[in-house]
1. Relative to the compact-globule scaling 2.2 N^0.38 Å, provide the ratio for the alpha-carbon radius of gyration of the chain.
2. Using 0.36 nm per residue, how much length does the chain from Ala122 to Val54 gain when fully extended, once their Cα-Cα distance is taken away?
3. For the chain, what are the DSSP H helices with axial Cα length of 20 Å or more and mean Kyte-Doolittle hydropathy of at least 1.0?
4. Can you list the trypsin sites (Lys or Arg not before Pro) in region 1-78 that are in a DSSP coil and have 13 or fewer other beta carbons within 10 angstrom?
5. Determine the sum of side-chain charges near Ile153: Lys and Arg each +1, Asp and Glu each -1, restricted to other residues whose C-beta is under 14 angstrom from that of Ile153.
6. Note down the net charge around Ala121, summing +1 for each Lys or Arg and -1 for each Asp or Glu among other residues with Cβ under 12 Å from its Cβ.
7. Residue-wise, which Karplus ³J(HN,Hα) couplings in Hz belong to region 33-47, taking 6.51 cos²θ - 1.76 cosθ + 1.60, θ = phi - 60°, and x for glycine or proline?
8. With a sphere of radius 13 Å drawn around the Cβ of Ser191, what net charge do the other residues whose Cβ falls strictly inside it have (Lys, Arg +1; Asp, Glu -1)?
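Each reported figure results from applying straightforward, stated rules to the coordinates on display, with no laboratory input. What you see is a predicted model, and the numbers here were worked out from it, not measured in a lab. Here Cβ is always computed from backbone atoms with ideal geometry, including for glycine, and neighbour counts include all displayed protein chains.
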Amino acid sequence: MKLLGTNTSPYVRKARLVLLEKRIPHTYIIDPPSEPGSQVALVNPLGRIPALIVDSETCVFDSTVIAEYADTLNDTPVLIPRNNALERMVVRRWEALADGIMDSAVVVRMESMRPSDKQDAAVIALHNAAITRALAYAAGQLGEREWCEGNAITLADLALTSALIYLDLRQAERDWRKVHPNLATWYVRMSERPSVRTALAA
Ligand SMILES: N[C@@H](CCC(=O)N[C@@H](CS)C(=O)NCC(=O)O)C(=O)O
């Protein structure tokens, strides 16, 4: 399999973390969709990354679908609970929360890259407020537990890790570690995992 992406995309990092945690063999290919010669639009009509090329006829797109597909390929570990509806919902809700943080942080980033007289301060404020609330919710849900849900790593932990890495990249001034020390403690443990080290290194 080939995963097309870039190192700055939080959705790509989430997909990579899933593939790496599950040790699913794949080649990671840097392919910014906006650059001439990009393969992305040829395999994903939306022209977005991540795009996971399974074979000449099959491309999986949207990080949520990649995560779900990859999780069914093996059981080591199971990242999305399969039998318990409540546990499954909670993990998917964590993913939605993390994706929402990414979505809002991307909007803030895009808006702040516009000429200053064209930036919409209200849009920036709205999305920054959503991120602030989402982080408080995440910290409250996590408490002092080791994992976001249950007694082992799930997609929830990987999605949240990716969202926080993106905040470090684009909103370092937010200093979420100071506001939520329990998230910081949890993140230190996550960042020691080989998958996270690999996904941060390149
Ligand atoms: N919901 C999608 C979002 C994917 C997305 O928006 N990716 C961005 C990169 S962060 C993208 O490909 N944008 C087009 C571009 O970079 O030209 C997912 O989870 O995969």
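1. Normalised by 2.2 N^0.38 Å, the Cα Rg of the chain equals 1.02.
2. Stretched out fully, the Ala122 to Val54 stretch lengthens by 20.3 nm.
3. 121-142, 155-170
4. Arg23
5. Taking every Cβ under 14 Å from that of Ile153, the sum is -3.
6. Every neighbour counted, the sum reads -1.
7. In residue order, the calculated couplings are x, 7, 8, x, x, 4, 8, 4, 5, 6, 10, 10, x, 6, x Hz.
8. Net of charged neighbours comes to +2.
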